[in-house]
Each structure stands twice: as structure tokens, then as C-alpha cells.
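Data first, discussion second: the structure below is written as C-alpha cells.
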Amino acid sequence: MKKQIFATAILAAVFIMLIASIDFGVTSTLVRHGNTAKIALTDMDFNKSKYLCSETKAPIKEYENSAQAVRSNGDTYFFTDITNLFTWLIRQKDKDSITTWVYTQDTKKYVPAKNAWYSRVDITPMGYGIAAYEYHLHGVSDSYYDEVVLFAARGETLINPLINILLTENRI
């Protein structure tokens, strides 16, 4: 009987601590509604970690390597890493009607994802290595959109140890 009371008291204390640790003052945004123009949003406030990646739920701390997807109804989804956008997009049934934007390394602005060039060996927040460039740089950004989406779908990123070795030694 004493063990049951003790276990119940500990369980109640844990629940009280969990409820007390919740921060009700800051709301996080996974999806922003009303972007009917389907443009990349650049008014995000990263200081408060308000925006979360729609794929990993990690806070987005900067524009570098980030991406956005806008559905036809104006809902905008945010991603902390470009590869997160690709893995999310692969699972969507209406992927053809989704407008995608990526933040470029060279011009420091959002461009349509289908128009960008991609590198597979950059340092990115989640470690996948896929980064976008607006302009083609021979030997740096040599991949097209369709190629990198396929690489992301197959797991051929820097997280894969074999692919990491092959890419860093410039063997593929």
C-alpha cells in the first residue's frame, strides 16, 4: 500500500513539473496561412525561434540553408534544411501544385527551388550537405533540382557514411 502511494506521489510530481515547465508565452509557427501570392516570406523573426521546421520541428534560427513550400491555398511551410523540404515534398500528394523556395548561398536570397543549382557537400544545419546556389559554379554547384530530390529520396546525402566518403573524395 505504501509503495502504491509513493509511486502515485512521484508520478503526480513529475506531471506537475512537466506542466510547470511549459512556456505558454511564446507560440511557435509550423504553418503560416494567407500567402496567396505564393512568394517566399522574408519577414521571419529568428531571434525568438518562432518558426519551426515542418519536417523536424527544430527551430529555424537563420535564413541560411532554409527553404519554404507554399500550397495553392496559401499555407506556407518552413524548413531549416533544404533536404528537409525535399523529404517532406516527396510524401505530398499534391506536390505538383506546391511552390518551393530555397535560400541561396551565393546571392543570399530566396529563389524558386526548380531554378537553383545545388551542391552536395556544403555544411548545412542538419548535416545533409545539399545547399542551393542561384548561379552555376563549375565544380561547386553542378546538380539540378530533379537530381537532388532523387538523392534526398534515396538517402544519398552526407549523412550516409559511404556517400560522405565518395563525395568528399570527389569520386562521384
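The values are calculated or read from the model by the stated rules, or taken from the named source; none is laboratory data. The model shown is predicted, which means the values in this text are computed figures rather than measured ones. Quick reminder, even Gly has a Cβ in these numbers, built from the backbone with ideal geometry, and neighbours come from all protein chains shown.
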If Trp88 satisfies all but one of (1) surrounded by 16 or more Cβ atoms within 10 Å (Cβ to Cβ); (2) in contact with a Lys or Arg (Cβ under 8 Å, 6 or more places away or on another chain), what's the number of the condition it fails? (2)
Between Thr100, Thr104, Thr124, which is on the phi < 0 side of the Ramachandran plot, of a type in the set (Ser, Thr, Tyr) and at pLDDT below 95? Thr124
Residues Tyr77, Tyr103: which one is among the aromatic types (Phe, Trp, Tyr), farther than 28 Å from Asn170 by Cα, surrounded by 13 or more Cβ atoms within 10 Å (Cβ to Cβ) and under 12 Å from the mean Cα position of the chain (by Cα)? Tyr77
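Taking segment 40-70 as the region of interest, how many residues are surrounded by 14 or more Cβ atoms within 10 Å (Cβ to Cβ), charged (D, E, K, R) and either on the phi > 0 side of the Ramachandran plot or at pLDDT below 80 (or both)?
Here the count works out to 0.
Is it fair to say Ala37 is out of contact with any Phe, Trp or Tyr (no Cβ under 9 Å at 6 or more places or on another chain) and modelled with pLDDT of 90 or more?
On the way: out of contact with any Phe, Trp or Tyr (no Cβ under 9 Å at 6 or more places or on another chain): yes; modelled with pLDDT of 90 or more: yes.
Criteria met by Ala37.
Residues are listed down the side, and each one gets a yes or a no for (1) under 25 Å from Ser28 (Cα atoms); (2) of a type outside the set (Lys, Arg):
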position: Gln68; (1), (2): yes, yes
position: Thr83; (1), (2): yes, yes
position: Lys109; (1), (2): yes, no
position: Gly139; (1), (2): no, yes
Give me the residue from segment 16-31 that is in a helix (DSSP H, G or I) and loosely packed, with under 10 Cβ neighbours inside 10 Å and, out of that set, modelled with the highest pLDDT. Met17
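At pLDDT below 95 and under 19 Å from the mean Cα position of the chain (by Cα): is that true of Arg171 in this structure?
Here the answer is no, as Arg171 does not meet what is asked.
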Of all residues in segment 156-169 being free of Cβ contacts under 8 Å to residues at least 60 places away in the same chain and not hydrophobic (A, V, I, L, M, F, W, C), which is nearest to Leu85 (Cα to Cα)? Glu156
Taking the stated definitions as given, is Val140 at pLDDT 95 or above and among the β-branched types (Val, Ile, Thr)? no
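Looking at segment 126-155 only, could you name the residues that are closer than 15 Å to Thr87 by Cα, out of contact with any strand residue (DSSP E or B) (no Cβ under 8 Å at 6 or more places or on another chain) and not charged (D, E, K, R)? Break it down into steps so the answer makes sense when it comes.
Residues of segment 126-155 closer than 15 Å to Thr87 by Cα: 126-131, 145-155.
Going one step further and asking which of them are out of contact with any strand residue (DSSP E or B) (no Cβ under 8 Å at 6 or more places or on another chain), we end up with 126-128, 146, 149-150, 152-155.
Scanning segment 126-155 gives Met126, Gly127, Tyr128, Val149, Leu150, Ala152, Ala153, Gly155.
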Can you find a residue that is out of contact with any helix residue (DSSP H, G or I) (no Cβ under 8 Å at 6 or more places or on another chain), part of a helix (DSSP H, G or I) and free of Cβ contacts under 8 Å to residues at least 12 places away in the same chain anywhere in segment 76-89? no
